[in-house]
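See structure below.
Bear in mind that the values in this text are calculations on the coordinates, not laboratory data. Since the model is a prediction, treat every value here as computed from it, not as a measurement. Because the Cβ atoms are built from the backbone with ideal geometry, glycine has one as well, and the counts that use them run over all protein chains shown.
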Amino acid sequence: MFRATGNPPAKMKFCPLHMLSVRIIQAKNIKSRDLLTASDCYVRLWLPSASKGKLQTKTIKNSDNPVWNETFYFRIQREVENILELAVCDEDPVTKDDVQFTVLFNVARVRPGETIRETFALKSETERCTKKWESLEVEFWMERMQYRNIICLFQYEDDHLTNREKDMAETFNAFFASVFNTDDGPRGSQCPEPEGHDCEHDQLPADPETVWDLVLQLDPYKSMWPDGIHPRILKELSDGIAKPLLMIFKQCWESREVLDDCKLANVVLVFKKGKKEHPGNYKPVSLTSVPGKVMEKIILGSIEKHLKDNVVTGQSQHGLMRGKTCL
């Protein structure tokens, strides 16, 4: 469900993606924090605008001058602020790792197509000439990615561009909430009890073979649902999960309640046509529970069978009928 956020709408701007290459070459004169051995160094990288987590190199054991020559790649947008944090750490198997020193690098200094090799040190260039200081040597390179774009948000308040997924989600959420009907209708059950029918003794019209057959029909190339279980896994395990799924379906049928997991959905946006900068040109598609869809097919098949056996619909009914067209 989309809920209004109360935030003013944001304009979207499409900006080209760039690939940033960061090669951690070596460090020199790293002072050990251990009393008996040399440093066990690694470098930790963090670019908040491009990666949620922190990356790190391998650990070089017992070396004050470790050499890594490891390369890391980040997809960035030059229109937003990209500050890369580099931290040289000393690994400690017993206590918390020691941070030898941390430096910040503004990625805006790197232009597409050029290579920059930077030596970060704890002291100024004059002081480095007189004494050996801890330093880190890093190489940066950037290129523009072809035929790849990503949405940026243009905020009205301060003209600030951001590529944060949370900001983009809030912008789409605000737009869809403004066009969706927020009236949930009358409270309570909306399905009146049929007169003269004992619904309490109704059984779910399904057996393990029916569930097994529907699970086998799952498309293994479809996206997974919110709990992370892929349809391919369900299909491969169809022999073992048919009976447990049927037990869950029967429990839902008898209690007349849908599991909370079946009410969750991952919403993805599909571009329709027109200008990509307008949120209205995207269609939200909900990826719901795969077992929930299996249960829906069982109920749908029962309804269709009832309509057909009792001739509820006439021959002239074509809309929403299997095998018939409205044209």
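Things worth noting here:
- Summarising the amide proton neighbourhood of PHE101: residues at separation of 5 or more, or on other chains, whose placed amide H is nearer than 5 Å comprise VAL88.
- Point-to-point label distance, GLU79-PHE271, nm (Cα→Cβ direction, 7 Å offset): 1.3 nm
- In order along region 232-244, the Karplus-derived 3J(HN,Hα) couplings, from 6.51 cos²θ - 1.76 cosθ + 1.60 at θ = phi - 60°, round to 4, 5, 4, 5, 5, 9, 4, 5, x, 9, 4, 5, x Hz, and Gly and Pro are given as x.
- Cross-link pairs beyond the 18 Å C-alpha cut-off, checked among LYS273/LYS293; LYS235/LYS283; LYS272/LYS293; LYS243/LYS297; LYS243/LYS293: LYS273/LYS293; LYS235/LYS283; LYS272/LYS293
- Anisotropy class of region 246-327 from Cα gyration tensor, a/c 1.5 cut: oblate
- Sequentially through region 286-299, phi angles give Karplus couplings (6.51, -1.76, 1.60; θ = phi - 60°) of 8, 9, 9, 4, 5, x, x, 5, 4, 5, 4, 5, 5, 5 Hz, Gly and Pro residues having no value and appearing as x.
- For region 98-112, 3J(HN,Hα) computed residue by residue from phi via the Karplus equation (6.51, -1.76, 1.60; θ = phi - 60°) reads 8, 8, 5, 6, 10, 10, 10, 10, 7, 5, 4, 5, 8, 9, x Hz, glycine and proline entered as x.
- Backbone amide hydrogens, once placed in the peptide plane, bring LEU287 within less than 5 Å of ASN266, VAL267, VAL268, excluding anything fewer than 5 places away on its chain.
- Between GLU170 and VAL94, the contour length at 0.36 nm per residue exceeds the alpha carbon distance by 23.1 nm.
- A cut-off under 11 angstrom between Cβ atoms defines the neighbours of LYS58, and their net charge, with Lys, Arg +1 and Asp, Glu -1, is -2.
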